[in-house]
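Following: one structure in structure tokens, then a few remarks.
The values are calculated or read from the model by the stated rules, or taken from the named source; none is laboratory data. Just so it is clear, the structure is predicted and the values come from calculations on it, not from any experiment. All Cβ positions, even for glycine, are placed from backbone atoms using ideal geometry, and neighbour counts span all protein chains on display.
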Amino acid sequence: MNAVPSSLMEPPHLDGPVAELLLSHLSAEESSLAAMLHAVQNVHNALRHLNDDQLREALEEESLAIAGASELQQQRWDLRVALAAALGVERDEATLGRVLTVATGALREGVARFRKSLAEMSTELERLNRQNGAMIRQSLSLTRGIIGRLTGQRTAGDTYNAEGNRDEVHVGSLVQWGG
């Protein structure tokens, strides 16, 4: 069988049901990430204000947002399979970047807008999560110090970060956390 040279093949394009599925899914991803961001902002505020009731509510909200995001995982898989078929690529190559190389008009504008929105929310979510973790680590360090002074004993060993390095607990003033 003779293969058709790639220069003579029609470039892939997205339209119809696949384009509609993509935009619908991106809208769901944006809503899910917005819910997660809202929940993490509430956790952040509760930590800053040392409000136990607000923290409990915020953590419940975050748990619901995580459950909703988990449901999107199968839909994301299915979408990537459909996009891969429409683009003529492997599933792992069916990315928003790839879609933007072939999409035109309103589809391209919609995908670009969703991609920018998702990237911005992801960046803010990561920033808040880092700050929340820093506040918790600093609070834990202060509590350990107080207990150690009261009992004359060290309460626990060092903590370590994801890289295996000893965690530094000093994170600066509350002002640096967005207070």
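Among the residues of the range 85-99, count how many are loosely packed, with under 13 Cβ neighbours inside 10 Å, assigned to a helix (DSSP H, G or I) and of a type in the set (Asp, Glu).
Residues meeting the conditions: 1.
Could you please find all residues in the range 97-124 being at pLDDT below 95 and under 18 Å from the mean Cα position of the chain (by Cα)?
Correct list: 97 only.
Residue-by-condition table, conditions (1) among the hydrophobic types (A, V, I, L, M, F, W, C); (2) at positive phi; (3) touching a Ser or Thr at 6+ places or on another chain (Cβ under 6 Å):
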{"site": "58", "(1), (2), (3)": "yes, no, no"}
{"site": "97", "(1), (2), (3)": "no, no, no"}
{"site": "105", "(1), (2), (3)": "no, yes, no"}
{"site": "112", "(1), (2), (3)": "yes, no, no"}
{"site": "130", "(1), (2), (3)": "no, no, no"}
{"site": "150", "(1), (2), (3)": "yes, no, no"}
{"site": "153", "(1), (2), (3)": "no, no, no"}
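Taking the range 3-23 as the search range and keeping residues that are loosely packed, with under 12 Cβ neighbours inside 10 Å and at pLDDT 50 or above, which one is farthest from residue 95 (Cα to Cα)?
Top of the filtered list is 3.
The rows are residues; the columns are (1) in contact with a strand residue (DSSP E or B) (Cβ under 7 Å, 6 or more places away or on another chain); (2) among the basic types (Lys, Arg); (3) surrounded by fewer than 19 Cβ atoms within 10 Å (Cβ to Cβ); (4) touching a residue at least 12 places away in the same chain (Cβ under 8 Å).
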residue	(1), (2), (3), (4)
28	no, no, yes, yes
41	no, no, yes, yes
46	no, no, no, yes
54	no, no, yes, yes
58	no, no, no, yes
64	no, no, yes, yes
74	no, no, yes, no
83	no, no, no, yes
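In the list 133, 157, which residue meets the criterion of being at pLDDT below 60 and either under 18 Å from residue 37 (Cα atoms) or small (Gly, Ala, Ser) (or both)?
Testing whether each residue is at pLDDT below 60 and either under 18 Å from residue 37 (Cα atoms) or small (Gly, Ala, Ser) (or both) leaves just 157.
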